[in-house]
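Okay, so here's the structure we're looking at.
The values are calculated or read from the model by the stated rules, or taken from the named source; none is laboratory data. Because the structure is predicted, anything quoted here is derived from the model rather than measured. All Cβ positions, even for glycine, are placed from backbone atoms using ideal geometry, and neighbour counts span all protein chains on display.
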Amino acid sequence: MSDAAPNHTERESVGFAGAGGARIDAWLYRPAPHNATGTTIVMAHGIGGIKSAGLAPIAERFAAAGHTCLVFDYRHFGGSEGSPRDLLRIRAERDDYRAALRFARHLPETTRTVVWGCSFAGLHATWHAVHDTRLAAAIALCPLVDGAHATFAKPVRLSAKLMAAGLADLVSSAARRPPRYVPISVPEGAFGVLPAPDSLDGRAILAPVDGANWPNRVTARSLLGIAFCRPSRRLGRARCPVLLVVPDTDTAVPTGAALRAAKFPRVTVIRSRGGHYDVYPRGSDYEHVITTQLDFLATLGS
């Protein structure tokens, strides 16, 4: 199945097996053959995100510049298989990236691969930058790169309530009861993963234009263990160039760990103007951010 996309790119619906055998649903964007660079970018969203939520316009811009893009949903989310729905597991999402990279490397036009992630997926993109020796580069927008910082930056009372909900959900799952869910984007002061003044505005910025179902939730057990994922501490061992685009103001993700990564020789940190959601299409700094990424990608073939 193919869909027309702007700038003479093509979008094809594809699928491949993730770890554990779940079918991973993806979109493949191919550039015009005369414009192809040989770079294939593997892209996925942040916490609870699906590919319909703002990633298509980014992939279209990359493809218009000659880069192939593979945009996928993690298992348990969007069009991918997996039960229960909306269950986040860091190792499973990391493995889904690995499966997507494997698929990308078997495409006939691929000569180099780039891993791309936004927000929570910054954990995955930077982890692969350290561990995957075959990557040409890694890009992360408004990135979470240290789970401990994100966990302990939350108010103590909220952290305690989220942990209690996560433990209760874990016990429920062991007893084979239905999952307990926690909302993601909520107003400041409300109970949820991302309580901030711009959370609901950000969700509107990322709202799928194709009407895809995008539940504002994750299973509560999804939040357990995030604090132990800290790839920023190892970015000095990155096997490839890394671009981190860090907003001037970010109410969703603490920026300190990403900014400190600029000390590492293979890491470039660029500041974006505005907040967490301004790096996306419909955001106020999108043109600056997409141009920064295209300029970075252009250096890979030189």
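Before moving on, here are some points about what is shown:
- Against the list (1) over 30 Å from residue 35 (Cβ atoms); (2) within 13 Å of the chain's Cα centre (by Cα), the condition residue 86 fails is (2).
- For region 154-176, filtered to residues that are of a type in the set (Lys, Arg) and modelled with pLDDT of 95 or more, the residue that is surrounded by the most Cβ atoms within 10 Å (Cβ to Cβ) is 161.
- Residue 257, sole failed condition from (1) touching a strand residue (DSSP E or B) at 6+ places or on another chain (Cβ under 9 Å); (2) crowded, with 22+ Cβ neighbours inside 10 Å: (1)
- Against the test of being assigned to a helix (DSSP H, G or I), of a type in the set (Lys, Arg), closer than 26 Å to residue 82 by Cβ and out of contact with any Pro (no Cβ under 8 Å at 6 or more places or on another chain), the options 157, 203, 221 yield a single qualifying residue, 203.
- Screening 133, 110, 151 for residues that are surrounded by fewer than 20 Cβ atoms within 10 Å (Cβ to Cβ) and in a helix (DSSP H, G or I) leaves exactly one candidate, 151.
- Test: residue in region 228-248 that is among the small types (Gly, Ala, Ser), more than 14 Å from residue 140 (Cα to Cα) and buried (at least 19 other Cβ atoms within 10 Å of the Cβ): no
Let's see how each residue does on (1) closer than 20 Å to residue 249 by Cα; (2) assigned to a loop (DSSP other than H, G, I, E, B):
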residue: 171; (1), (2): no, no
residue: 179; (1), (2): no, yes
residue: 188; (1), (2): yes, yes
residue: 207; (1), (2): no, yes
residue: 212; (1), (2): no, yes
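- Residue check for residue 272: surrounded by 17 or more Cβ atoms within 10 Å (Cβ to Cβ), more than 19 Å from residue 127 (Cβ to Cβ) and touching a helix residue (DSSP H, G or I) at 6+ places or on another chain (Cβ under 6 Å): yes
- Taking the criterion of being part of a loop (DSSP other than H, G, I, E, B), surrounded by 16 or more Cβ atoms within 10 Å (Cβ to Cβ) and out of contact with any Pro (no Cβ under 8 Å at 6 or more places or on another chain), the only residue of region 260-269 that qualifies is 264.
- Criterion violated by residue 176 - all others in (1) in contact (Cβ under 8 Å) with a residue 12 or more places away in the chain; (2) of a type outside the set (Ser, Thr, Tyr); (3) within 25 Å of residue 91 (Cβ to Cβ) satisfied: (1)
- Any hit, region 209-225, residues being crowded, with 17+ Cβ neighbours inside 10 Å, of a type in the set (Val, Ile, Thr), touching a residue at least 60 places away in the same chain (Cβ under 8 Å) and under 29 Å from residue 269 (Cα atoms): no
Residues checked against (1) at pLDDT below 95; (2) out of contact with any Phe, Trp or Tyr (no Cβ under 9 Å at 6 or more places or on another chain); (3) within 18 Å of residue 118 (Cβ to Cβ); (4) assigned to a strand (DSSP E or B):
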| position | (1), (2), (3), (4) |
| --- | --- |
| 20 | yes, yes, no, no |
| 46 | no, no, yes, no |
| 58 | no, no, yes, no |
| 69 | no, no, yes, yes |
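Residues are listed down the side, and each one gets a yes or a no for (1) in contact with a Cys (Cβ under 8 Å, 6 or more places away or on another chain); (2) free of Cβ contacts under 8 Å to residues at least 12 places away in the same chain; (3) farther than 23 Å from residue 195 by Cα:
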site	(1), (2), (3)
242	no, no, yes
247	yes, no, no
251	no, no, no
264	no, no, yes
276	yes, no, no
282	no, no, no
285	no, no, no
